[in-house]
Amino acid sequence: MYNLPCFSVSATLVTRYALFLFNNKFPLRKILVLLNSLLTTNLQRTKLLPTKFGVQRFYLKGFRLSVSGRFETSSNPMAKTISQTVGTLPLVTLENYVEFASIPIFFKLGKCNFKV
């Protein structure tokens, strides 16, 4: 019963990992591919979280990665938004547990926002 495989990937861990990759000058597409592969390997895995009803088991059903702002590779002054969605994101019902995280990333062209 206690030997269940639990994933420890949280939204804050993914945003911190993305910030680490941005600071090490990885290209944006490579960062999105790395994060996508990290999260898709953890789809349908169990996560135990403390709630007001006690410790409950949750499953990773899907995720969305979104980067918005002016990137270093773009030379035009318009901001862009790149987003990737894998799986289902049930945001309407109250029965599901949804984690959000957002972190600003500063480039020489301005500020970008990374959301999970």
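Per-structure values
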{"item": "Amide hydrogen neighbours beyond the local backbone of I105, cut-off 5 Å, H modeled", "result": "C112, N113, F114"}
{"item": "(i) 1.30; (ii) 1.06; (iii) 1.20, with the label sought being that of the calculated Cα Rg over 2.2 N^0.38 Å", "result": "(iii)"}
{"item": "29 Å Cα-Cα threshold exceeded, pairs from K47/K111; K61/K108; K47/K115; K52/K115; K61/K115", "result": "K47/K111; K61/K108"}
{"item": "Estimated 222 nm signal from helices in the chain, with DSSP H stretches of n ≥ 4 weighted -39500 (n - 2.57), rounded to 500", "result": "-7500 deg cm²/dmol"}
{"item": "Among F53, F63, F106, residue whose mean-square fluctuation peaks in a GNM of the chain (springs only between Cα atoms under 10 Å)", "result": "F53"}
{"item": "Options N113, P27, F53, ranked by Cα towards positive dipole end of segment 11-115, top entry (Cβ charges)", "result": "P27"}
{"item": "Percent RCO, i.e. relative contact order, over the chain, from Cα pairs under 8 Å lying at least 6 residues apart", "result": "26"}
{"item": "0 to 90° range, to nearest 10: angle between helix 11-23 axis and the chain longest Cα axis", "result": "30"}
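Read-outs: derived from the displayed coordinates by stated rules, not from any lab. All values derive from a computational prediction rather than experimental measurement. Cβ: placed from backbone, ideal geometry, glycine included. Neighbour counts: every protein chain shown.
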